[in-house]
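Report on one structure; see the data block that follows.
The values are calculated or read from the model by the stated rules, or taken from the named source; none is laboratory data. In this text, all values refer to a predicted model and were calculated from it rather than measured experimentally. Cβ placement follows ideal geometry from the backbone for every residue including glycine, while neighbour counts extend to all protein chains displayed.
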Amino acid sequence: MEPEANPFLGRRGIRLSLARPELLATQLRAALRVAAEHPLKLMFPMVATESELEQALHILARARAETGIDAPMETGIMVEVPAAALLSERLARHVDFFSIGTNDLTQYVMAAERGNEHVAPLLAGPQPALLRLVRETVAGAEAHGRWVGVCGELAGDPPAAVLLAGLGVRELSMAPPLVPEVKAALRGVSMADARALAEEALAAEDADEARRLAAALL
């Protein structure tokens, strides 16, 4: 690949895959062969437009035709770009689920590079702006009966996990050592309380206030 001045805003994820369709087709044929033998979910990363998703799904349909494999395989997207969250209702028409990548999504919505220590506070905790995008994503997904998961550091943070559940997130992905504490936090609050906390957090001044709201019940 050619070097780019700002790779985080450049050709990565689905953008690179669509620029190299023969590589994407190879990957999708391999995924279908796995799906023929084992349960498999497939996600397209860095989707920002409906057109990108439609092109990727077209290549997937062609891969099915080429392999003759019509095994079930749930298909979703990573919601890492604010545009995907804002277009979630349209995108949900084409896929089975969303997985919100909070690390990248926070980076883009806060305009703060993940590797830059000078802006690290903007990336820490459940930023209200991020929570609003989570709410938008869930609303778009639910309009078409789709489910939403979260992967990223927030999923493994107990107070943030409560807020995410209150916003309608149904699956959290985290490192195994974090599971017991997050599970205990979620068991310790009712869904009604989690929803109420999430509504308050949406109006919080910053991530620290949003986190304190949830932590007060744990």
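Structure data summary
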item: Residues (charged (D, E, K, R) and in a helix (DSSP H, G or I)) located in the stretch 204-218; result: Asp208, Glu209, Arg211, Arg212
item: Single residue of the stretch 79-94 satisfying the filter (closer than 13 Å to Ala141 by Cα and hydrophobic (A, V, I, L, M, F, W, C)) that is surrounded by the fewest Cβ atoms within 10 Å (Cβ to Cβ); result: Leu86
item: Filter result for Leu163 (buried (at least 21 other Cβ atoms within 10 Å of the Cβ) and part of a helix (DSSP H, G or I)); result: yes
item: Qualifying residue in the stretch 195-203 (condition: over 20 Å from Asn103 (Cβ atoms), modelled with pLDDT of 95 or more, more than 19 Å from the chain's Cα centre (by Cα) and not in a helix (DSSP H, G or I)); result: yes
item: Some residue of the stretch 149-159 being among the aliphatic types (A, V, I, L, M), touching a residue at least 60 places away in the same chain (Cβ under 8 Å) and closer than 23 Å to Pro45 by Cα; result: no
item: Some residue of the stretch 92-107 being polar (S, T, N, Q) and over 15 Å from Gly152 (Cβ atoms); result: no
item: Residue in the stretch 147-164 that is of a type in the set (Gly, Ala, Ser), over 20 Å from Gln107 (Cα atoms) and out of contact with any Lys or Arg (no Cβ under 7 Å at 6 or more places or on another chain) present; result: no
item: Unique residue being in contact with a Pro (Cβ under 6 Å, 6 or more places away or on another chain), part of a helix (DSSP H, G or I) and under 21 Å from Ala160 (Cβ atoms) when the list is Val138, Val109; result: Val109
item: Odd one out for Thr102 among (1) surrounded by 23 or more Cβ atoms within 10 Å (Cβ to Cβ); (2) over 19 Å from Leu167 (Cα atoms); result: (2)
item: Residue satisfying condition, being closer than 28 Å to Val138 by Cβ, modelled with pLDDT of 95 or more and in contact with a Lys or Arg (Cβ under 6 Å, 6 or more places away or on another chain), within set Phe97, Phe44; result: Phe97
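Results for (1) farther than 30 Å from Arg114 by Cβ; (2) touching a residue at least 60 places away in the same chain (Cβ under 8 Å), shown as yes or no for each residue.
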| position | (1), (2) |
| --- | --- |
| Pro7 | no, no |
| Gln27 | no, no |
| Leu42 | no, no |
| Pro72 | yes, no |
| Met78 | no, yes |
| Val81 | no, no |
| Arg90 | no, no |
